[in-house]
Structure formats: C-alpha cells, structure tokens
Amino acid sequence: MTKLLNAQFHELFKSKYFYITSIVCVIIGAGLTTAMYLFPSYNQPENSRMILTKDNILGVVPSFATMFLPFAAAATVAVLLDSQYNHGTIRNMICCGHTRTAIFFSNLITMSAAAAIYFVLYQVSAIFMAVCVFGFEGYDLKATLVSLSAMLIMQIFESTVISLILGNLMRGGKLTIVILVVQYVLNMSVVLGMYKYESKIAEIAEKIFPQSCIFYFSCFAVPEGIWKNFAVSAGLIAVMSLIGLHQFKKCDIK
C-alpha cells in the first residue's frame, strides 16, 4: 500500500492539471474576498447575510468552496483515472501483484488529498486577502470555522468516491459526464439547505450531505444537528466506498 501511495502521489505531483487547479483555487479565494470587499452589498438586500464584513468573512468566503470543490475533485479523479487506464497503469499495478482493494483505496486517498490541498490553498488565500483588506483585528475563530472545515473534508471524500465509482464504471472516459454528475448531485444539497423544503424526503436528502448547512456557517452559527450530518455523511462515504470497491473488482482491466 505504501508503494502504491508513493507512486500515486508521484503521478499527482507530476500532473499539470493539479498545479493549474491549485493556482485557480488561490485566485478564486483571493478574488472572491477582493470582489466582496469592493462590492460588499452588490445586488443584495440591506439585511443580507452575504454582505462581507470582517465579522463574517471567515464564514462567507470559505463557504463558497462548496460550489467548486466537487467540480475540482471530480475533474481530478477523471483526469488521473483517464491517464491510468489509457497508459495501462492499473493493469501494470495488478501484474506487479497489487490487489484491486489496495489500488482503489490508494486512488481514493491520493485524489481526496489533492482536493484537500485545493481547499487549503483556497482558504489560505482568502484569509490572507481578508487580513490585507480588513486588517488582522476583529476575526473570531469560533467553532463554526472548524465545523465548516470538517464539512468540506466530508464533501471532498464524498465527491471523490462518487467520482471513482463513475470513473471506473466508464473506464476513465466521459470526463465531462463524471464532472457534471458529481458537481450537481452534491451542490443540490446546498439548495435543499437554503430553501428548507417542508418535505420528509427533502429533509432526509439534506442530511446526507453536510454542505447543506452552508448558509448557517456564513453567520458563524453551528447548525443544530450538524453532527448527525457528519455521521450520516461518514456512513454514506463508507457504503459508497464498498460499492465502488466491489464494482472495481469486477472491472475488466485490459
């Protein structure tokens, strides 16, 4: 497993896509902070929670990561899997004696780590720019920032494992389909959390994805029952990982 992880991370760090996406995340983090500083109430009602101040910036700007992290994670999986299938990397790993279980989980760990790096770069650039424009005083690192980070880590694993299932199912192909399916399935939960539909089915669906609580975090408020969201998400990740592993074991690797 250690050798596989070393090989996977080596491949990741050689990928131009990884560095391009990392740069894009830095630009988006700094750019969003700057834009919201320059236009704090653009097209927003007077009492909107989205107006940026130094009291809520650490909730508002990092929350926007929920919109593009699924896209970045899914695209990373699709690009790397496409390379592995097209260049016979997976076939060579199996021929060298590595089990499909080890290959699947080494991919999951490596690709999730890539998405986590994207989030850290986004977060650091957003906070750095906030310090530049607002000054350092006034920030209140409450439990919400920790909870928000935990929520996004859950989202990273969810988007990565769903991407792996789809990518292996299609043998690394259909890049656009993989990206769009994962992106919109995960972001749908943000809509559920925003509008709070009076429906038991919608309520259950909302709890499956922790990022449905994004709008509470924007105001530094820990949503009621957030730990249930984390528990459900952890269970979902485990179940999807087992499904993905079972599917990968049945793949005909040529």
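All of 69, 81 fail the test of being farther than 25 Å from residue 31 by Cβ, aliphatic (A, V, I, L, M), open to solvent by less than 10 Å² (accessible area, probe 1.4 Å) and in contact (Cβ under 8 Å) with a residue 12 or more places away in the chain, apart from 81.
Taking each residue of segment 154-168 that is closer than 17 Å to residue 227 by Cα and open to solvent by 10 Å² or more (accessible area, probe 1.4 Å) and looking for partners that are at pLDDT 80 or above and of a type in the set (A, V, I, L, M) with beta-carbon atoms closer than 6 Å, six or more apart or interchain, yields 157/237.
Residue-wise test of (1) modelled with pLDDT of 85 or more; (2) among the small types (Gly, Ala, Ser); (3) over 16 Å from residue 158 (Cβ atoms).
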| position | (1), (2), (3) |
| --- | --- |
| 12 | yes, no, yes |
| 48 | no, yes, yes |
| 85 | no, no, yes |
| 103 | yes, no, yes |
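For segment 83-105, a residue qualifies if it is among the β-branched types (Val, Ile, Thr) and not in a helix (DSSP H, G or I), and exactly one does: 99.
Residue count for segment 206-246, restricted to those that are at pLDDT 75 or above and among the aromatic types (Phe, Trp, Tyr): 2. Cβ-Cβ distances below 8 Å connect the following pairs, each with a first residue in segment 235-246 that is open to solvent by 80 Å² or more (accessible area, probe 1.4 Å), a second residue that is of a type outside the set (S, T, N, Q) and in a helix (DSSP H, G or I), and a separation of six or more residues or different chains: 243/165.
The values are calculated or read from the model by the stated rules, or taken from the named source; none is laboratory data. Note that this is a predicted model, so its numbers are computed, not measured. Here the Cβ is made from the backbone with ideal geometry for all residues, glycine too, and neighbour counts use every protein chain on show. These accessible areas exclude ligands, DNA and RNA; they are computed on the full protein's heavy atoms, side chains included. Shrake-Rupley method; radii C 1.70, N 1.55, O 1.52, S 1.80 Å.
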